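Single-structure report; data block below.
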Amino acid sequence: MKTFTMPGTDILAPNVVLGLMRIADKTDEDVRELVRTARDAGIDFVDHADIYGGELHACERRFADAMALSPSQRDEITIQTKAGIVTDGPYYDFSYEHIVTSVEGSLAALRTDRIDILLLHRPDALVEPEEVARAFDDPGVVSLPGRFLHGCLPRLAGLPRAQRRY
């Protein structure tokens, strides 16, 4: 399996990740077999989103219920999740408050002390990155235990608009 180091991190990621969008209705054994098969193929990087599964955090909870990871097992995988899509409206919410609430919900659903990578789910080019960057730059959000380690928009707020990459 080819791997690469995620830019700006020490996270080694495979070229293929295990997407867990459709596990809400799977049995514990189905989920464990899916993860075991991925791990056997060299994939130790899982992808979630707060909206996967029909209700907020459903697939994250399903993964945690099925896997019941010990701390050492948790350390062997990279967990990525996404935030920003609002299910009760046809829009996105990349506000500081929504990002923090989503992270807290994901941490609880996944029963973990950290999210390794947090992405904005389908970022909106019209969003003001300063608002998003506030969550990623706030040491009270990023560096405390029980938060996320890496985000997708680090330090955008300080860049001139022409240099920003979304």
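For beta carbons closer than 9 Å, sequence separation of 6+ or different chains, a first residue in region 95-117 that is in contact (Cβ under 8 Å) with a residue 60 or more places away in the chain and closer than 16 Å to Met67 by Cα and a second that is among the charged types (D, E, K, R) and open to solvent by 20 Å² or more (accessible area, probe 1.4 Å), the qualifying pairs are Leu110/Arg61. Would you confirm whether or not region 63-76 contains a residue that is in contact (Cβ under 8 Å) with a residue 60 or more places away in the chain and within 16 Å of Arg22 (Cα to Cα)? No, region 63-76 contains no residue that is in contact (Cβ under 8 Å) with a residue 60 or more places away in the chain and within 16 Å of Arg22 (Cα to Cα).
Being touching an Asp or Glu at 6+ places or on another chain (Cβ under 9 Å) and without any contact (Cβ under 8 Å) to a residue 40 or more places away in the chain is the filter; apply it to region 34-53 and report the residue that is farthest from Leu18 (Cα to Cα). Only one residue fits best here, namely Gly53.
Does Arg122 count as farther than 26 Å from Asp10 by Cβ, open to solvent by 10 Å² or more (accessible area, probe 1.4 Å) and outside any loop (DSSP other than H, G, I, E, B)? Considered against the rule, which asks whether it is farther than 26 Å from Asp10 by Cβ, open to solvent by 10 Å² or more (accessible area, probe 1.4 Å) and outside any loop (DSSP other than H, G, I, E, B), Arg122 comes out as no. The number of residues in region 66-117 that are aliphatic (A, V, I, L, M) and at positive phi comes to 1.
The values are calculated or read from the model by the stated rules, or taken from the named source; none is laboratory data. All figures in this text were calculated on a predicted structure; none of them were measured in a lab. A quick note on method: Cβ atoms are made from the backbone with ideal geometry, for glycine too, and the neighbour counts reach across all protein chains shown. Protein only, heavy atoms only, side chains kept; ligands, DNA and RNA dropped before computing areas. Shrake-Rupley method; radii C 1.70, N 1.55, O 1.52, S 1.80 Å.
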